[in-house]
Amino acid sequence: MIASRRSVLTASGIVAATTVVALGMTTVAGGAPATATAAGGCTATVRVDSQWGSGANGGQISTFTVVNTASSTAHRWTVTWPLADGQRIVSSWNTSIGATGGTATATNVAYNGVLAPGASTTFGVQLAGPASTPTPSCTNDAAPPTTVSPPSGADVTVQEPDNQRTVTLLVGQTLGVALAADYLPPTVTGGALSPLSASGGYPTGQPLVATFRAVTPGTADLTTRTDHACRYATPPCALPTVLWTVHVSVIEVPPTGTGQTVVVTAPDNQRDLTLHVGDTLVVSLASNYLPPTVTPAGVVVAREVTGGYPTNQPLVARYLATGPGRVDVATITDNICRHAPTPCPSPQVRWVVHVTVTA
């Protein structure tokens, strides 16, 4: 099993004002949650930190706080809320997020899913479109739900654009599947994955959400397809069937503390690095850099990410080299004034290191 991680990335670096209006950059009064909903062993509250524009030209940045209200430790959580008409997700931090059928679903990432009783974590979301304060609900695995509900968050989540993608997991990690309501529940071939839970999908009319656990080193394929009731009518409709498959590779957890630690900073931009399985990569950058992305996933795994935009704290990200391969660890600077109705002329600086991991 992988070690639990904690999250300390928040949006506290955004200065709060006192009002929200339809036009211009404004913020909500300091710290009071706009909404709070308790369900399934946790509460989710949201604070609109900044808001600008109106209609299709509008946007906002919000901070969500998840609190474990159960009497036992939670290992996964999920927060959902309905998006306003025309609203869309631009970016997020400290969460894995997607939208299906007008509903946004945010789940924990690898380092902020474990919450002791009373503990909390935060994540942030930037939305574009009409102004609307989210009304979130929350579930976690500390208190079993009394009704059927989507499964809790996963270490890695795949969606429709991930068709034919290969995903690498460590033994003990979980894989989430989030697809539209017209997909059948996925089937798994190969012994590396074990089904945990599933809800929705055809013919329920609800978005399909499923989770699987990596139980042993090896490979597995997750496969599903779309279906529609009209295809069984007389005469049947001509809607095509869409096939969807994700290939999964599961590897053992490398030993920790046995490899070297390599620290990279701003002058290492565009540097080529060679690591061995078990080595640790530390990215140390200024506070105006966003949390890095790793492409493709699976060769190095995030252990802890703190600071960075918009926290006003230095960015420190730690990764463990888990398997042979080549990845890019990349990020870019950002500034809150760039999201104002009249953006400031603040250039963005891209930063990347090219990492090759050998056995």
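Residues I89, I61, ordered by accessible area of protein heavy atoms at a 1.4 angstrom probe radius and largest first, appear as I89, I61. Dividing the convex hull volume of the alpha carbon atoms of the range 212-359 by its residue count gives 189 Å³ per residue.
When the square roots of the Cα gyration tensor eigenvalues are ordered a ≥ b ≥ c, the ratio a/c for the range 189-248 is 1.5 or more and a/b exceeds b/c, which makes its shape prolate. With the cut-off at 17 Å, report for the range 150-230 the share of all Cα pairs above it, as a whole percent. Value for the range 150-230 (Cα pairs over 17 Å): 41 percent. Residues of the range 270-307 with amide nitrogen under 11 Å from the 7 Å Cα-to-Cβ point of I332? Answer for this model: 290.
If you plug the beta carbon distance of Q260 and Y232 into 1/(1 + (r/R0)^6) with R0 = 41 Å, you get a FRET efficiency near 0.10.
Taken along the Cα-to-beta-carbon direction at a fixed 7 Å, the label points for T166 and S346 span 4.0 nm. Ordered by solvent-accessible area of protein heavy atoms (1.4 Å probe), largest first, the residues R350, R303 come out as R350, R303.
For the range 66-114, the solvent-accessible area of protein heavy atoms averages 38 Å² per residue (probe radius 1.4 Å; ligands and nucleic acids excluded). Count Lys and Arg as plus one, Asp and Glu as minus one, and take only other residues whose Cβ is under 14 Å from that of Q270; the net charge is then -1.
Largest to smallest in accessible area, the residues T261, T342, T331 fall in the order T342, T261, T331 (1.4 Å probe, all protein chains included). The string of couplings for the range 123-135 from the Karplus curve (6.51, -1.76, 1.60, θ = phi - 60°) is 9, x, 9, 9, 10, 10, x, x, 5, 7, 6, x, 10 Hz, one whole number per residue in order, with x for Gly and Pro. Across all directions, the average flat footprint of the convex hull enclosing the Cα atoms of the range 206-284 is 10.0 nm².
Only protein atoms count toward the accessible area here, which uses a 1.4 Å probe; on the range 180-229, the carbon and sulfur part of that area reaches 58 percent.
The values are calculated or read from the model by the stated rules, or taken from the named source; none is laboratory data. All values derive from a computational prediction rather than experimental measurement. For neighbour counting, all protein chains shown are included, and Cβ atoms are generated from backbone atoms with ideal geometry for every residue, glycine included. Protein only, heavy atoms only, side chains kept; ligands, DNA and RNA dropped before computing areas. Shrake-Rupley method; radii C 1.70, N 1.55, O 1.52, S 1.80 Å.
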